[in-house]
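See below for the structure under consideration.
The values are calculated or read from the model by the stated rules, or taken from the named source; none is laboratory data. Everything quoted here is computed from the prediction, not taken from an experiment. Cβ: placed from backbone, ideal geometry, glycine included. Neighbour counts: every protein chain shown.
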């Protein structure tokens, strides 16, 4: 592991892709310290990797300038504990970015209406809407605003695109929520 100098920004990526499911040939690594509950697949190397649980982070208080956690919070049994840990390890004025699939994406709602059941992915413990994600961040003392976006490089079927285009509500138009939170 490389030695950090006083001037370097400390960035932690939680859920950095230990299993590299989505893009094994080109993983997105956002931190200079990277953690995941899974070890990287054999043959893949992630710089400064630590295998650990997001709900029990092995770092001192006020260590990181930024923390990113994309597509992790929906898998956690105790997301509140993970968010408390993130708030604990962030430096004052540090920024956390938490990304998760939008529970209120209109194609997901329409699909549920036709199927008669709102099924989340089998490995998701919970789904998040913008207000719930914002409330979770605020509950641990972070100042937050929620953005809506789409996953890059993810093709959206044309019938979903039409449905999204027809929808008048901004919160229903995007696949992903991103909470940007600052530790006061």
task = Output the number of residues of region 86-132 satisfying the condition of being in contact with a helix residue (DSSP H, G or I) (Cβ under 7 Å, 6 or more places away or on another chain) and part of a loop (DSSP other than H, G, I, E, B).
result = 8
remark   = Selection from region 133-177 of residues part of a helix (DSSP H, G or I) and surrounded by 16 or more Cβ atoms within 10 Å (Cβ to Cβ) yields 133, 134, 136, 137, 160, 163, 164, 171, 172
Residue in region 66-75 that is assigned to a loop (DSSP other than H, G, I, E, B), modelled with pLDDT under 95 and either at negative phi or surrounded by fewer than 15 Cβ atoms within 10 Å (Cβ to Cβ) (or both) present = yes
